[in-house]
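Heads up: the structure comes next, in structure tokens.
The values are calculated or read from the model by the stated rules, or taken from the named source; none is laboratory data. The structure displayed is predicted, hence computed values, not measured ones. Cβ coordinates were reconstructed from backbone atoms using ideal geometry, including for glycine residues, and neighbour counts include every protein chain displayed.
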């Protein structure tokens with residue numbers, strides 16, 4: 001039994017999805033499947049229940065995952081203690097993120113494990129984030145728009161609901177929930193990352209059966225929402241955004257339309273050799289988002 005096998009097993013255990021785990025580990029799915037099969041053979045019992053492409057931890061797997069995680073934590077603590085004894089400073093991680101209430105608790109929990117790590121966090125337009133990822137200035141992008149291209153790995157991790165946000169004195173503000181088609185004649189303030197030809201906001205409207213009247217389209221969501229707050233139109237509001245906390249003259253309305261969502265994902269370079277800490281940070285982020293999926297109405301894309 002090897003440490004690499006255990007790390008691979010935990011990644012599969014946390015995602016319960018072989019292709020997502022292989023993508024996160026930057027290895028082929030066939031190699032990962034063989035590694036897990038070899039581990040199960042060494043232990044003598046299956047760790048997953050398999051039904052076609054779907055896998056779930058069985059009772060042996062759940063117990064083993066818990067104990068492996070505890071054992072690896074002990075090894076990581078020992079690693080950090082030796083570094084501290086030797087006066088070696090921890091590594092640093094650079095990441096571009098979106099504005100989200102999800103991220104601060106995830107950063108905090110990582111700091112609890114590695115208090116000496118320095119995280120350089122920035123909020124960049126997706127176009128800029130992609131350029132800096134390719135140039136090596138940042139190591140990980142967290143985005144609600146797919147960041148794809150040659151040499152880039154994109155892993156979707158969370159389905160984030162989109163609500164409607166309107167001025168408090170708008171006629172739609174009398175409702176707590178509507179079908180998006182009811183807003184077909186309204187003035188929309190649009191948001192576009194710059195990487196997609198059609199924004200997710202516009203895509204939601206088109207799927208609802210109408211082309212939105214977009215009177216303004218920007219790449220900075222805070223400006224878009226401020227215009228709504230000033231009564232210039234209506235827009236969409238991401239479920240986990242905290243920008244609405246600063247708006248005094250708006251109301252958020254739940255949409256009945258299941259297709260109104262955006263995918264949050266991670267992007268990194270496939271062939272770049274990342275530091276141990278940077279790799280651990282990425283795995284920590286993937287696990288945290290997987291936990292959010294399990295504990296909310298959102299779900300991983302299967």
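A compact table of results
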item: Residue 236 closer than 17 Å to residue 182 by Cβ, touching a strand residue (DSSP E or B) at 6+ places or on another chain (Cβ under 6 Å) and part of a strand (DSSP E or B); result: yes
item: Residues (closer than 21 Å to residue 277 by Cβ and buried (at least 20 other Cβ atoms within 10 Å of the Cβ)) located in segment 137-154; result: 138, 139, 140, 141, 142
item: Test result for residue 30, part of a helix (DSSP H, G or I) and more than 21 Å from residue 293 (Cβ to Cβ); result: yes
item: Residues within segment 215-229 that are free of Cβ contacts under 8 Å to residues at least 40 places away in the same chain and out of contact with any strand residue (DSSP E or B) (no Cβ under 8 Å at 6 or more places or on another chain), tallied; result: 2
item: Count of residues meeting criterion [surrounded by 11 or more Cβ atoms within 10 Å (Cβ to Cβ) and either modelled with pLDDT under 85 or within 28 Å of residue 270 (Cα to Cα) (or both)] in segment 41-54; result: 2
item: Residue check, residue 165 in the same structural domain as residue 238 (by TED's automatic domain parsing), in contact with a strand residue (DSSP E or B) (Cβ under 7 Å, 6 or more places away or on another chain) and modelled with pLDDT of 90 or more; result: yes
item: Filter result for the condition that a residue is modelled with pLDDT under 85, in the same structural domain as residue 182 (by TED's automatic domain parsing), under 22 Å from the mean Cα position of the chain (by Cα) and surrounded by 20 or more Cβ atoms within 10 Å (Cβ to Cβ), over 241, 199; result: 199
item: Among (1) at pLDDT 85 or above; (2) surrounded by fewer than 17 Cβ atoms within 10 Å (Cβ to Cβ); (3) touching a strand residue (DSSP E or B) at 6+ places or on another chain (Cβ under 9 Å), the one test that residue 108 misses; result: (3)
item: Those residues of segment 168-189 which are surrounded by 19 or more Cβ atoms within 10 Å (Cβ to Cβ) and in contact with a helix residue (DSSP H, G or I) (Cβ under 7 Å, 6 or more places away or on another chain), in sequence order; result: 180, 183, 189
item: Helices (runs of 4 or more DSSP H) wholly inside segment 58-147 containing at least 2 residues that are within 25 Å of the chain's Cα centre (by Cα) and outside the structural domain of residue 36 (by TED's automatic domain parsing); result: 103-113, 126-135
item: Given (1) in contact with a helix residue (DSSP H, G or I) (Cβ under 8 Å, 6 or more places away or on another chain); (2) under 24 Å from residue 285 (Cβ atoms); (3) surrounded by fewer than 19 Cβ atoms within 10 Å (Cβ to Cβ), index of the condition residue 25 fails; result: (3)
item: From 224, 215, residue being crowded, with 17+ Cβ neighbours inside 10 Å and not in a loop (DSSP other than H, G, I, E, B); result: 224
item: Selection status of residue 188, closer than 28 Å to residue 126 by Cα and under 26 Å from the mean Cα position of the chain (by Cα); result: no
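For (1) under 19 Å from residue 109 (Cα atoms); (2) touching a strand residue (DSSP E or B) at 6+ places or on another chain (Cβ under 7 Å), each residue gets a yes or a no:
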{"site": "242", "(1), (2)": "no, no"}
{"site": "249", "(1), (2)": "no, yes"}
{"site": "259", "(1), (2)": "no, no"}
{"site": "282", "(1), (2)": "yes, yes"}
